[in-house]
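The values are calculated or read from the model by the stated rules, or taken from the named source; none is laboratory data. Just so we're clear, the structure is a prediction, and the values are computed from it rather than from any experiment. Note: ideal-geometry Cβ built from the backbone for every residue, glycine included; neighbour counts use all protein chains shown. Keep in mind that these areas ignore ligands, DNA and RNA; they rest on the heavy atoms of the full protein, side chains included. Shrake-Rupley method; radii C 1.70, N 1.55, O 1.52, S 1.80 Å.
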Amino acid sequence: HVHIPIGGQGMNYGMHDAFNLGWKLAAVAKGEARPELLDTYMTERHPADQALVRGTDFGFHLLVQPHAASRMALQLFGSTLLSLETFQKHLRNTLAEMNVAYPASALSEDQGGSHGPVPGDRAPDAVLVRMPERRTARLFDVLHGPRWTLLLFAGAEPATHDIEKLERISGPLAGRYGTRLAIHLILCGDPPVPVHENWAADVLMDRERYVHDKYGADTSPCLYLIRPDWHIAFRGGIEHRHHLTAYLARGVI
């Protein structure tokens, strides 16, 4: 993707390209994923890179060779537009590629279950507390590493049977995928039943509901599967655990 190097976007997009392909190559090379996983690189990154080229070409011509109408619009509204926080945020996210999503990817499966971000979106960050050491951390610290991450949201007021269902989800998956899949139970408060030491999931406390709010999981338990590149792969309610099992069995992990 050769384009005008305004804003350093080629660097950002190049790193995203490399990371998108890197974890997929590693998984296939180690025999953990099927070769078909590599096909998703082109279907995910090519549209993003095409949009980059179109955007930089448009910006270059707008600034260097604007039409009379464009020049007038820039003179009248340019400074006002650039001063808007919403526009500045959009510009930052565009330059850093934080707003790129892959909703049409073969790796994105949406079963609902929340009113938060959808598969293909970049996973949002938030502050939480890691147990049992009670250490404040960011969710991105939890996601760090070349592995998949399963977030089990218990909901604002989980019932005993909900916690038991989440435990039945985590145990078999941990046994099957081992260190390739990090599993975390996210609680807003003390669970209705004790979380036993033999739980397969690490426990994260979200008493202020920062993470639950970011993921739209404040009403009922739900599941979020996060890819190694921090894009959401699967979303579903607790009743969609069999869909999650089927997704993982496709050979992507």
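Observations on the structure shown:
- The 3J(HN,Hα) values that the Karplus relation (6.51, -1.76, 1.60; θ = phi - 60°) gives for the stretch 119-130 are, in residue order, x, x, 5, 6, 5, x, 9, 6, 8, 8, 10, 8 Hz. Gly and Pro appear as x.
- Neighbourhood net charge (10 Å Cβ-Cβ; Lys/Arg +1, Asp/Glu -1) for A48: -3
- Solvent exposure of the chain amounts to 52 Å² per residue of accessible area, where only protein heavy atoms count and the probe is 1.4 Å.
- Once both labels are positioned 7 Å from their Cα atoms along Cα-to-Cβ, the gap between Q88 and E157 label points is 4.1 nm.
- Mean residue ellipticity at 222 nm, helices only, the chain: -14000 deg cm²/dmol; runs of at least 4 DSSP H residues each add -39,500 (n - 2.57), and the sum is divided by the number of residues.
- Fluctuation leader among R45, R122, R135 - the chain, Gaussian network, Cα springs under 10 angstrom: R135
- Apportionment of accessible area to carbon and sulfur, the chain, percent (1.4 Å): 59
- Degrees between helix 68-83 axis and first principal axis of the chain (Cα, 0 to 90, nearest 10): 40
- Residue among H144, H243, H67 with the largest mean-square fluctuation in a Gaussian network model of the chain, springs linking Cα atoms under 10 Å: H67
- Counted without the sites themselves, the longest stretch of the chain free of GluC sites (Glu not before Pro) in a DSSP loop having at most 13 other beta carbon atoms within 10 Å is 1-132.
- Rounded to the nearest 20 debye, dipole of the chain from Cβ charges on Lys, Arg, Asp, Glu: 440
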